[in-house]
Amino acid sequence: MLILVCIWVILDDMGNSMCMMCRKDGMFFNSATEELDAYYPIRPECLADVAKTRFKARVGKTLSPRRWNAAFSQDGHLDIAGVLRRIQRGGIHPTIKGVVWEFLLGCYDPNSTFDERNEVRERRREQYAALKAVCQKMEPTIGSGKFITTAIISDDGCPVQDASADANTEDNNGAMSNSGPSDEREIQWKLSLPQIGLDVVRTDRTLVFYEDEANQAKLWDVLAVYTWMDKDIGYVQGVLPVCMVILLENEADAFWCFERAMRRLRENFRCTTTSMGVQSQLGTLAQIIKAIDPKLHNHLEEVDGGEYLFAIRMLMVLFRREFSFVDAMYLWEVMWAMEYNPNIYSLYEESSEPGSVKNGEKVNNKMLKQYGKFERENMKTGWTDQRGALAVFLVASVLEKKNKQLLKEAQGLDDVVKILGEITGNLDAKKALKEALKIHKKYLSKAKQPE
């Protein structure tokens, strides 16, 4: 099961065309409050239905292409501390989001050289090509520019002969094997392909970019290959508000950036017959509210909200429904910057599972500057509970913002859901993050490190 956690990045050809429109003295800003919606055009008939964008790229605060290029030494070492400071102040300009996100998500080591990163990039591209070749052998539609939206096999693995009814696969059915899949893993993967296709078709229909079937097919390819690779989680349906993938200039680079992003989120979707992975974060959220606002916590318990199930969507799709397209990107990249750990690249390379700084590891003040604000506070206090991600404190900040209304008006769980639903399109990401950091600091001062 693969969650369609996908991340928003502008495709290179769109980014380049917009760069030519927005270049000004090498800064890529039209004004101090440049409108960014033009980078991600909305279908005219949908304009009234989308949330208003609040984020503005600002000279001197937003990480610009000029500032980004200046952050590298002659041989390619990146001043990650300076980059983090700028992102945390004002986000990233659209023309460089993809390349910056690769560092924030741990695809590359900021202490590496240009040549070393080129070697890593080429190796990963070869790995992706090999993975994709395996998938193409099992299903020729992969890489064809088409995608599947109807079943190609039955639940027991037998080929469905009338799959040609699907317009997206009709040109490729002749290449389909007459024999069924050889093992259960292949059966489950093939059963997931049409669901991925259906979700891709429903991918943010408001965006002009995803009206193009070629862009939909690229998204389907990356998700299909990832689904085959991640045999533990696989594919999970139902998160259409964030059904996007990082689409960089090169498909293989996009795949590995997406794979890194999934490491942060996949445990939330590890489900069993008795529990959901996100429940651990819900438990942490309950502890936080109980510590910083016991009155609100007690009230939520009284109205059957003590398990905090109303926060599932916010945690699993990272507030995508609550923000506009541009604001969601800003929120995520600032969160990644604030949670940045300079060891992330080596930890991901050494282990198939995401990790953190080893318990008890000491870092000096100079090294601390290479951590994001949120992670730096964790390091100072020795806090290592991975369930306490910044997103959890962001939800806590939303609850605190609605504190008075929840205490006064919420008489049941439905009221809680309704009140929190009012934040959609009305939440300021920058203010919410600032409040989340305050709550994080307050909570660490009150809570004891778990045994």
Could you work out how far the C-alpha centroid of the stretch 292-313 sits from that of the stretch 74-143, in angstrom?
40
Ranked Asp204, Asp221, criterion: other C-beta atoms within 10 Å, fewest first:
Asp204, Asp221
Going fewest to most other Cβ atoms within 10 Å around each Cβ, Phe323, Phe209 line up as Phe209, Phe323
Semi-axes, largest first, in whole Å: what does sqrt of 5 times each Cα gyration tensor eigenvalue give for the stretch 279-446?
30, 18, 14
Cα-based equivalent ellipsoid of the stretch 374-414: semi-axis lengths in Å, sorted from largest, via gyration tensor:
30, 10, 7
Expected vector for the stretch 210-216, Karplus 3J(HN,Hα) from phi with 6.51, -1.76, 1.60 and θ = phi - 60°, integer Hz, x for Gly and Pro, equals 8, 7, 7, 4, 4, 5, 5
For Ile92, other-chain or 5+-apart residues with amide H closer than 5 Å (H placed, Pro excluded) are Leu63
Based on the Cβ-Cβ distance of Lys442 and His77, what FRET efficiency does E = 1/(1 + (r/R0)^6) give at R0 = 30 Å, to the nearest 0.05?
0.25
Extending each Cα 7 Å along its Cβ direction at Glu409 and Glu119, get the distance between those two points in nm, one decimal.
6.0
Tell me, what HN-Hα J-couplings in whole Hz come from the Karplus equation 6.51 cos²θ - 1.76 cosθ + 1.60 at θ = phi - 60° for each residue of the stretch 311-316, using x for Gly and Pro?
9, 4, 4, 4, 6, 7
Amide H contacts under 5 Å for Val236, placed H, 5+ residues apart
Leu2, Ile3, Leu4
Please report Leu437, Leu219 as a ranked list, fewest other C-beta atoms within 10 angstrom at the top and most at the bottom.
Leu437, Leu219
Using packing as a proxy for protection, rank 115-128, 73-86 so that the peptide with the highest average count of other Cβ atoms within 10 Å comes first.
73-86, 115-128
How big is the stretch 34-121 on each of its three principal axes, counting only the C-alpha atoms and giving the largest first in Å?
48, 28, 18
Under 22 Å from the Cα of Lys137 - lysines, other chains or at least 8 residues apart
Lys146, Lys190, Lys218, Lys231
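Just so you know, all these numbers are worked out from the coordinates, no wet-lab data involved. Predicted model, so just to flag it, every value in this text is computed and none were measured. Note that we place each Cβ from the backbone using ideal geometry, even for glycine, and neighbour counts take in every protein chain shown.
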